[in-house]
Amino acid sequence: MSHKLILLANYLRDDGVEVSTRTNMLAKELLDTVPMDSIEELHSCLSAIYIKNVEETGKFNRAFDRAFRDIKIKEEKSRTASCDDMGEASIADLISDNASEDLELLESLYDDMFEKRAKNRARDGQIVDSSMVLLDTYDPRVFQLCKRLSKKIANKRSSRMKKSKSRHVDMSKTIRANMKYGGHILKLIYDKPHFHKSRHVFLCDVSGSCEWVTSWFFTLLYGCKETFDRVEIYCFDNKVTDITDLLGREKFENIGQVNIAQKRSGIHCYGQSDMASSFEEFLGMVNLNNRTDVIILTDCRDWKGERIDGTLKSAMLMRDMLELARNVIILNPEKKIRWNNATSCVEDYERAGASVYETSSLEKFEKVISML
């Protein structure tokens, strides 16, 4: 019977349903302990274990029909005969399969499973390393990969914060505490530094040249938001919109829901960037201080950029941000080879004091966000 459960799990995974080892173990334990008298009863019990969402019902029904279509359950001739002859027999005892065929089938299923896992790892690696431009916005696998990357970011950040909080020995306090032991170090006193909470303010460009990457960035940020002490998110093209509430109010299952929620908040994409007016409005909206890190997601293409005595106006406003905030970090989704051409202003912003990082792939995004 075990090979039937493995076959069922394999069909479900092929259809996009997540099946864990714990789920399979629970199903196996159920079949070993609870007697089944009909295929309908078996279907009902397994559906209660494998179906996590109502939308997965159709997929489960198809997988169940494929996995258990050859099962033949002995029909009851009479209630008395059934009780006397079958007793506590489970459905596993009613399946007549050749043992050698079962073993061969199990081996082939395991080989297929390992091969598919290897292909999935290779595919995920290609998606992580590939340019953001090549990502399929409507591919659910990419959205799930973003969710896994966000968990990885969260684990890295929480681990780093734990290390920074403790395990540093305060030597002066340790010596004083061990004076009563004749100077022998029997007790360590750890330093407890004051914990400085940081505030992260994200400013995302949703103009026509950069909107395609903002949704992926928001998805990564949505998954690791709990590791930030204070986080605020604003979007801009030629005006600034606060979308911080979307982090806690909405639950996203695909990238389409992210786009719809952003548009419902008043964001209208595909405009042209007016960095100067947006930065000026941002400085008027947000109270920056020396504990604030401003992270700007933009391709640094100020299409309506105005220069005053050779200095870009938006770069002057960025210098004002640096005087108020602790850091200004720019995440540029374009490759470095495209920086500092006719319409790119990366060099102007670097001269103003901002730190610019290339984030042209999901892997580079993950590394930069983990360092914040």
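The values are calculated or read from the model by the stated rules, or taken from the named source; none is laboratory data. Computed from a prediction, not measured in an experiment: that's the story for all the values here. Quick reminder, even Gly has a Cβ in these numbers, built from the backbone with ideal geometry, and neighbours come from all protein chains shown.
Looking only at the stretch 166-218, count every residue that is modelled with pLDDT of 85 or more, over 24 Å from the mean Cα position of the chain (by Cα) and among the β-branched types (V, I, T) and tell me the total.
Count: 2.
In the stretch 271-299, which residues are more than 28 Å from the chain's Cα centre (by Cα) and polar (S, T, N, Q)?
Residues satisfying the conditions are Q272, S273, S277, S278, N287, N289, N290.
How about the stretch 219-338: which helices (runs of 4 or more DSSP H) wholly inside it have at least 2 residues that are modelled with pLDDT of 75 or more and crowded, with 21+ Cβ neighbours inside 10 Å?
Details: elements: 245-249, 255-264, 275-285, 313-324.
Of the helices (runs of 4 or more DSSP H) lying wholly inside the stretch 219-338, those with at least 2 residues that are modelled with pLDDT of 75 or more and crowded, with 21+ Cβ neighbours inside 10 Å span 275-285, 313-324.
For the subset of the stretch 339-370 comprising residues that are among the small types (G, A, S) and outside any helix (DSSP H, G or I), which member is nearest to M275 (Cα to Cα)? Steps first, please.
Here is the first cut: in the stretch 339-370, the ones among the small types (G, A, S) are 342, 344, 352-355, 360-361, 370.
Filter once more, so that each one left must be outside any helix (DSSP H, G or I): 342, 344, 353-355, 360-361.
Working: A342: 16, S344: 12, G353: 16, A354: 15, S355: 17, S360: 21, S361: 24 Å.
Out of the qualifying residues, it is S344.
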